[in-house]
Number of protein chains: 2
Amino acid sequence: MDWTGDTHRVDGVVERDFVVEAGGRRVPGVLWTPPDAEGARPLVLIGHGATAHKRIGYVTTLARELVRAHGFAAVAIDGAGHGGRRPNPDDDEMTVFSDFLTEWSRDESTDDAVGDWRATIDAVRALPDVGDGPLGYWGLSMGTIYGLPLAVAEPRIQVAVFGLMGLVGPTRFRMAEDAPSLACPVLFIQQWDDSLIPRDSIFELFDALGSRDKRLHASPGDHAAVPSEEFVFSARFLARHLAPGPDDLS
Amino acid sequence: MDWTGDTHRVDGVVERDFVVEAGGRRVPGVLWTPPDAEGARPLVLIGHGATAHKRIGYVTTLARELVRAHGFAAVAIDGAGHGGRRPNPDDDEMTVFSDFLTEWSRDESTDDAVGDWRATIDAVRALPDVGDGPLGYWGLSMGTIYGLPLAVAEPRIQVAVFGLMGLVGPTRFRMAEDAPSLACPVLFIQQWDDSLIPRDSIFELFDALGSRDKRLHASPGDHAAVPSEEFVFSARFLARHLAPGPDDLS
């Protein structure tokens, strides 16, 4: 794990860029921790959506909330072909999306993404201010395509937020195969008028999730219109499972 | 409005039984208020499900939470043929349910239920410790069958929690007709494995709700298995709309 760039301190949050190596791939990430943190704490992995990157607004906002309000650590990495892994940084969004569809169609894309995350988890948990505390995952859309197999492969993940995805696309068979093995509590976020992901395919995926403890939250609007209340609920939901308090009802 | 029975004080909540008259019907209810309350405050109407009554566990629990945590008033009434309105207090649940199905089939059942609630609203808001503050509604299953037309007829209702219902049964046309006129923010609670209400009919009803601000929360399990987290969310949701605070998002 190499630190790259400066350490930023923003309103009670330390942000550090890093690169980890995973199977020959160099994976850039950002780690968010409380200032002067010492010892093990809950860590939330945040997976961004297609065409986005590790510092996209909703990733950074959720990460800072988890650090500030709960004292957790949070980490995001760029997906293959995204952010610092774009083959050409000047590519427009449609080119990045087209590259994502190509990557999604590659048989090994899921295993590589899971490998990127596992290398990140190992590297970050070796840090003294993160340590081997409880692990959670948050990722919608592409963050669910690769996060669901990750959460199944990685039993250290104790709670997950998925959504904006159904049993569609090149890895639908892999998702359908993995979903019944999922065991951790899940919040599944749906956009009721999602024009990218057919409603029935979303219900199929939610149905298939093996977790006994799961809930689906649907809001009006298209794929990218997830309302802020679901981010607020996400943070509460992750916190309730990763650092249960005496007042938590579930 | 006549007070009946004793005033109970339970852990920071005053509970008072009353009867109101509505179109010749005598309607028993319970009012929950903070001790020593003075002046207008938000009031939440709580509609119970079929075979239940105004003091059923989840009604009382929600009412007390709204009073204790938020200083609101809450009120519940017995539906026709339920609780203090049972023709024979010794009837078993199946008889009460059968009577409900008969009542549900009666053309005027919705208008009478709406009338019962409007008489209750007027009587309770005339009290100095309730007053004419903002109004909310919470009711699942039978509480939605009659609560949805109430919320459409009664523009003073600013926020509503519905659920466990679809476009089914004798009043499905009335619900389908009223739903598009609903304008207030809505939380809609669904049980994913509801064996009473077909899933598609639930989605049809949620789809039909005219409110721009609506969300559907689905949890595993059958009709009556609504998890406590949805009651916790209900109270927060009602509070956020009836007494917005500086930290409320969305």
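No lab work stands behind these numbers, since they all come straight from the coordinates. The model shown is predicted, which means the values in this text are computed figures rather than measured ones. Using ideal geometry, Cβ is built from the backbone for each residue, glycine included, and neighbour counts are taken over all protein chains shown.
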Starting from the Cα gyration tensor of region A:161-212, take the square roots of the eigenvalues, sort them a ≥ b ≥ c, and report rounded, prolate or oblate (rounded when a/c is under 1.5, otherwise prolate if a/b is larger than b/c, else oblate). oblate
Rounded to the nearest 5, what % of DSSP beta bridges with both residues in region B:1-154 are antiparallel? 70
Interchain or long-range residues, amide H under 5 Å from B:Ala218's placed H: A:Leu216, A:His217, A:Ala218, B:Gln190
Under a cut-off of 25 Å between alpha-carbon atoms, report the lysines in cross-link reach of A:Lys214, not counting same-chain residues fewer than 8 places apart. B:Lys214
Give me the distance between the Cα centres of region A:208-247 and region B:150-226, rounded to whole Å. 21
List the trypsin sites (Lys or Arg not before Pro) in region B:165-236 that DSSP assigns to loop (not H, G, I, E or B) and whose Cβ has at most 12 other Cβ atoms within 10 Å. Which are they? B:Arg212
How large is ³J(HN,Hα) for each residue in region A:99-106, as worked out from phi by the Karplus curve 6.51 cos²θ - 1.76 cosθ + 1.60 (θ = phi - 60°), to whole Hz, x for Gly and Pro? 4, 4, 5, 5, 4, 4, 7, 6
Taking H placed 1.01 Å from N in the peptide plane, check which residues at least 5 places from B:His223 or on another chain put their amide H under 5 Å from its amide H. B:Ser195, B:Leu196
The ³J(HN,Hα) series, computed from each phi in region A:87-97 with the Karplus coefficients 6.51, -1.76 and 1.60 at θ = phi - 60°, rounded to the nearest Hz and given as x for glycine or proline, is x, 9, x, 8, 4, 7, 4, 5, 5, 5, 5
If each part is reduced to its alpha-carbon centroid, region B:16-84 and region A:67-100 end up apart, in Å, by 51
Go ahead and run the numbers for FRET between A:Thr102 and B:Ser98, Cβ-Cβ distance against an R0 of 45 Å, rounding to 0.05. 0.15
Calculated from backbone phi, Karplus (6.51, -1.76, 1.60) coupling profile of region B:196-210 in Hz, x at Gly/Pro: 8, 10, x, 4, 4, 5, 5, 4, 4, 5, 4, 4, 6, 4, x
What value, in deg cm²/dmol to 500, does the helix sum -39500 (n - 2.57) over DSSP H runs of n ≥ 4 give at 222 nm once divided by the residues of chain B? -10500 deg cm²/dmol
Report the longest stretch of chain A that contains none of the GluC sites (Glu not before Pro) sitting in a DSSP loop with at most 14 other Cβ atoms within 10 Å. A:109-250
Scoring region B:1-152 by relative contact order with C-alpha pairs under 8 Å, at least six apart, yields a percentage of 28
